[in-house]
Amino acid sequence: MELDLGPEERDARAELAAIERQKQRRDAEPLLLCKLITRWPVRAFVLTLFGHIAMIATTGILYLSGYDIMPLFLDDVPMRLVDEPWDARWFAWTDRTKYDGYYTRGGTNAGFRTSEAWYAAMDMFYEDVDGDNIFTKRSLVKMKEIEDDLMNADDYTKFCKLDPQIRQCVKPQSVLRYFDGTFIDIDPVFNDTAFENVDNVLYMAATHNATRDGFRFFLAIKHKTTQNTVTSKMTRSILSFGLPHEEYGSSDYEMEAEKFSGDKLKPILEKYEDASEFKFSYRSEAIWMYSARTQAMKDVLWAGASMAFIFLVILLHTRSLWIAGFAILSIFASFFTGNLIYNLVCRFDYIGYFHILSLFVILGIGADNVFVFYDIWRNSACDEYLSVAHRLSDCYKRSVFSMLITSLTTAVAFLSSAISPLLGTRSFGVFSALVVVVNYLSVILYFPTVVIMYHTYFEKATWPCCYPCQKGSDHESADDKNDKNARAKHYSKHDIESEEREDDLSASRVNPVYEPDVPVKQNYHWSRTFDDTAKLPSKLPSKHQSVQENGYQSYESYLRNGDWRTTGGYRLYSPGHTQQPDRKRQGSNDRKQNGVVVNHSQNHVSHLDNKSKSLSKKRKKKSIFVRFFRNYYFRFVTHKVIRWLIILVLAGVLAFFIYQASQIEPDNELFNILPDDHPYMKAYSHKLYSFLSSLGEGTGLMSVHLLLGVKQNDISTCHFSDPVCTGKQEWDLDFNPNTEEAQLALMGLCEKLRTLPEAEAKELHIQKNPNTGEYNIKCFMDNLQTFLQAESDRDGKNWSLPFTKERVDSFIADKPQFYNSSVFTAEFNNNLEVAISYWLTNKYTKEYTSDFYQFDQLIGEKTGPFSSPVINKTDMMYGNDLKFLAISVGTDIQAMLLGFREGDPIMESWEQFLNKQLNNMPKGLKIGFQTSSHERWIWMTRQRLLVDNAIYGIVIGLCLACPILIIATGNLITGLLATFSLCCTTVCVIGVIVLGGWKLGMIEAMNMCMVVGLSVDYVVHLAEGYTLSLHTDRLSRVRDMLDLMGVSVFFGACTTLGASLFMFFTVLSFFSQFGTFLFSTIGFSLVFSMGLFVTLLGIIGPEGNTGNVLAFFRRVCGERSRRRKSRRDSRQQK
């Protein structure tokens, strides 16, 4: 019959049932792996340790043998797109002169270093600190000092831009040119080297027709022009570098320019950063790249500091050098093992900035896994097991699945970045996912051997010593033991029962949320409820057994919950106890009452009292942190008032960050890895926002290039992970601009661009000269026609375009001093090239005009069968084949401020315009494309893709996390609550991006893809702890969850937070920003998991089988079975 029990008795019976289920779980057959580890601990440890060391050694051997096992590339973040045309077009544009037979127009030396090398050109900015006028004598003198020091720098003459006439370095583009006599031919006032007549010089430069357009380049937006002078808050200058270089190709030139800028110019520039006359900032692509690469290697050293910090945290937490040292080795080896798989199996040949971040990520993830396993192992010391194999197996089962879920979700989050076509993010996703998976395998296969070795040989060692600094052994004298016991804190029966009441009855007595109907007396202890009604059966083992039994370690028998019982062939294992006390067999006093064995012997101590005392004594072994989370924190989050305050506060925080997240915008600027207060970034900001106009392609305004004769590069030939491959060049084999029809079509295209309707020009954003009203079109046919008409007027003949075969014959006959008429056979058809070569070389005089510098790089020639040297000028040729032609159109668009939302319509308008023109072109001009300067079309496409990837990454992460959490917990309610916690963390992290002043760029998009994977760990551990609880009511489950996982979650978060803090000390904003992201992700994850998730479980957490997925399917299947059986029975009855 059933007993009529009150609330307290029911709670006690439920507690006993939970204890019995825990006993059954502990006594389950150990896993085979655990048996092997505990039977041969040294062999297992050595074998797994060898595997880890072998991976590190293999990496070292491959590196020393010359194999590029660590293909580090820090020049840029590769973001090549194969499926979009813009990368292929940009590569075709930049490689347009890189073909066999390329003819350097103007002879062997005339063209070298006569064009601006914008990659190396140094932009320098001077900002007045005392007022609004930088044009003071004091400032100008200092500016001259800086320019002189730079021009006198060692080896500058090997890189400077050359004046083609005198073959000397050109002076910097600067306002100082109006004082040093450069423009003295325009007006004598422009010769004031002592800066005694500053106002007059500036006023003349600003008002004279010959100088005013160029002078505007040096004026800031904040300037003022009066009748006597000009004032400006800022000014700028450009130190010029020249291309093409006579010694270095394009790629080699960039490396040499970077080295020269960093080694020679940077020390000079840094000397003037603290100038008192003005705020001085500077920047060039070359010095930026040099500094970024150098600083990146320094910042990586902070990963070593993070590793040292995590080692110290693990050491303090575990109080074992053995555990901490080999835990760090596990994390360290995971990185190298993952890289071997990444490089040798997945065949990735790129490691960049993002991959360096994996060091910091895996440090936090690896430490978290270590804490989870070791804390469960350490807490298991408070229980008794049949053997160490049973103990290890129980820990394994309770930790491995939880770590699997966290590692799986984190790896999936990283792999969501791998779906991106951008190499930088895709390779990082694959690499990080591999490292996470490898670390998980290391923790479940290698770390248990470390723990068992420590437990077997070193656990009795005094901290921080290892063997032989050991504590007293079993052979120490009784006096020594008594002396230790005398020094130890004495716990009376009252102390034990007080703690037991506080600990085990906190849900029913102390916690205000759970108030029983019948008041509980202060001196009441739940175990006394069944003192005289229920005794668990006990049976004494017959004898002591050997140390090795059944294939794994075994231990002497010991009291199990205050009672001796049959061990089933296993030695009963109780950590910390090795002696078997005296015991007596049960006599005939045992009898059954209501099916339960009852013992009335006065010599036999009450089973439940002894069990309570035993549990209490053993619970003393748990750390203060475990007791804090189990008792005090549990009461805090389940308090009837405080729990609602927690939800209210977190709801307010969530609402604030939801608003912030809604304000996020795409980042229009290119990827920058230096902080905003760095001199380079200050100069970059001034270049974009502080000045009236720009000069040339290397500055702010964007140009659109219309290229004919060239196809976009075939980048499908590139290895998918090659960060520098630009693809295979493709040419229009039918390209022929020499026919009369083709020349007229080219002239028509130029005329079309010059005479566009106002509305269409505005749609294409073509720049208009404010003085002349003409569009900024660089069309060589216009300038060539003007030149030929001047020649026609001088010679009295018609040399104007189109330049037909008949006109060529007449032209060469009129100029026998240049041409060999025997070359111009009937097959000769390079008609237009004859006119172009004569024009650009200024009649082969090498006195180059502005036309040469504008169009030399827009017209490509290749030596061919009709190529011949000019008479008496053997270094100059004519009759070459025309390889490509280009038209450059200036726009009014600040390139670095153009985002994809505003830029997509402009890009599409240009695409439609050119396609329409190409459709009307003759056969020889049918192939061509348009591209932009500054890689703007490329960046807009990448920007759009990054935004999409960020959204997809979060959606994919959450969509995958939700079913994984439901499956992992086996409970719909717990899984949904955990997913809600993830959503809260994700929203808050996105809000931090806005609060940090950042926009949605490359690193932000990558971070958003990772946020779900990085924040899922703690909520998964807690959900797993809730699921593993053998209680049925939610409060007891929450208490067990905090007891099992609270410390692991807290210390795991602390290690990752500590690792991310070291990233704040890095210089590159790339690392410091990621540190902020990692810190906020882990911080919010900890807040919402330990705060919101735990609180919600205490309020609406599932009880019993509520929300249990398996129970639901069992009911469904059972119902279907019953229906089928009912139908069968009905048919049989009929």
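The values are calculated or read from the model by the stated rules, or taken from the named source; none is laboratory data. None of these values were measured; they are calculated from a predicted model. Because the Cβ atoms are built from the backbone with ideal geometry, glycine has one as well, and the counts that use them run over all protein chains shown. For the accessible areas, the whole protein counts, side chains as well, though only heavy atoms, and no ligand, DNA or RNA atoms are used. Shrake-Rupley method; radii C 1.70, N 1.55, O 1.52, S 1.80 Å.
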*Along the charge dipole of the range 644-801, which of Trp644, Asn783, Gly709 sits closest to the positive end, that is, farthest toward it, with unit charges on the beta carbon of Lys, Arg, Asp and Glu (+1, +1, -1, -1)?*
Trp644
*What residue among Met307, Tyr272, Trp288 has its Cα farthest toward the positive end of the dipole of the range 266-309, where the charges are +1 on Lys, Arg and -1 on Asp, Glu, each on the Cβ?*
Met307
*Would you mind working out the accessible area per residue for the range 972-1078, using a 1.4 Å probe, and quoting it in Å²?*
21 Å²
*Leu316 versus Thr207: modelled label distance in nm, points set 7 Å from Cα along the beta carbon direction*: 7.3 nm
*Between Val300 and Glu847, what FRET efficiency follows from the Cβ-Cβ distance if R0 is 56 Å, with the result rounded to 0.05?*
0.60
_Need one number: nm distance between label points at Glu247 and Ala813, each 7 Å from Cα along Cα→Cβ, rounded to one decimal._
5.1 nm
*Evaluate the charge dipole of the range 878-1017 about its Cα centre and quote only its size in Debye, nearest 20, assuming +1 on the Cβ of each Lys and Arg and -1 on the Cβ of each Asp and Glu.*
340 debye
*asked:* Please compute the modelled spin-label separation between Lys873 and Asn915, points set 7 Å along Cα→Cβ, answer in nm with one decimal.
replied: 4.4 nm
*Which FRET efficiency value, to the nearest 0.05, do you get for Asp263 and Thr825 by plugging their Cβ-Cβ distance into 1/(1 + (r/R0)^6) with R0 = 56 Å?*
0.55
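For a test of the definition: using alpha carbon positions, the gyration tensor, and the 1.5 limit on a/c, classify the range 681-776 as rounded, prolate or oblate.
Working: a/c = 3.00, a/b = 1.08, b/c = 2.77.
Here the range 681-776 falls in the oblate category.
Treat every Asp and Glu Cβ in the range 983-1134 as -1 and every Lys and Arg Cβ as +1, leave all other atoms uncharged, and give the resulting dipole magnitude about the Cα centre to the nearest 20 debye.
Numbers: 15 positive and 9 negative charges, 342 e Å.
Once rounded to the nearest 20, the dipole reads 1640 debye.
Count charges around Asn783 for me, please; just the other residues with Cβ under 14 Å from its Cβ, Lys/Arg as +1, Asp/Glu as -1.
Charge balance in the 14 Å sphere: -4.
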_What is the sum of charges, Lys and Arg at +1 and Asp and Glu at -1, for the other residues whose Cβ falls under 9 Å from the Cβ of Ser837?_
-1
*Any idea which of Leu62, Trp86, Leu47 is furthest toward the positive side of the dipole for the range 43-91, if Lys and Arg beta-carbons carry +1 and Asp and Glu beta-carbons -1?*
Leu47
*asked:* Explain nothing, just the number: dipole magnitude of the range 1044-1126 about its Cα centre with +1 on each Lys and Arg Cβ and -1 on each Asp and Glu Cβ, in debye rounded to the nearest 20.
replied: 960 debye
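Suppose the chain between Asn798 and Ala1111 were pulled fully straight at 0.36 nm per residue; how much longer would it get relative to their current alpha carbon spacing? Each step should come with its number before you reach the end.
Details: separation 313, 0.36 × 313 = 112.68 nm, distance 9.73 nm.
Here the answer is 103.0 nm.
How do the peptides 227-235, 762-770 rank, highest first, by the average count of neighbouring beta carbon atoms within 10 Å per residue?
On the way: 227-235: 18.2, 762-770: 15.8.
By packing density, highest mean first, the sequence is 227-235, 762-770.
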*asked:* Place a point 7 Å from the Cα of Arg293 along the Cα-to-Cβ direction; which residues of the range 66-103 have their backbone N under 16 Å from it?
replied: 71-78
*Measuring from centroid to centroid over Cα atoms, what is the spacing of the range 626-662 and the range 853-870 in Å?*
74 Å
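Using 0.36 nm per residue of separation minus the Cα-Cα distance, give me the extension gain between Thr157 and Arg901 in nm, one decimal. Could you put the intermediate results ahead of the total?
Numbers: separation 744, 0.36 × 744 = 267.84 nm, distance 4.44 nm.
Fully extending the segment from Thr157 to Arg901 adds 263.4 nm.
Could you tell me what percent of the accessible area of the range 685-804 is made up of carbon and sulfur, with a 1.4 Å probe and every protein chain present? Please report the intermediate quantities before stating the final value.
Working: 2690 of 5550 Å².
So the carbon and sulfur contribution to the accessible surface is 48 percent.
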_Need the full-extension length gain, Glu751 to Gln1132, defined as separation in residues times 0.36 nm minus the C-alpha distance. One decimal, nm._
127.6 nm
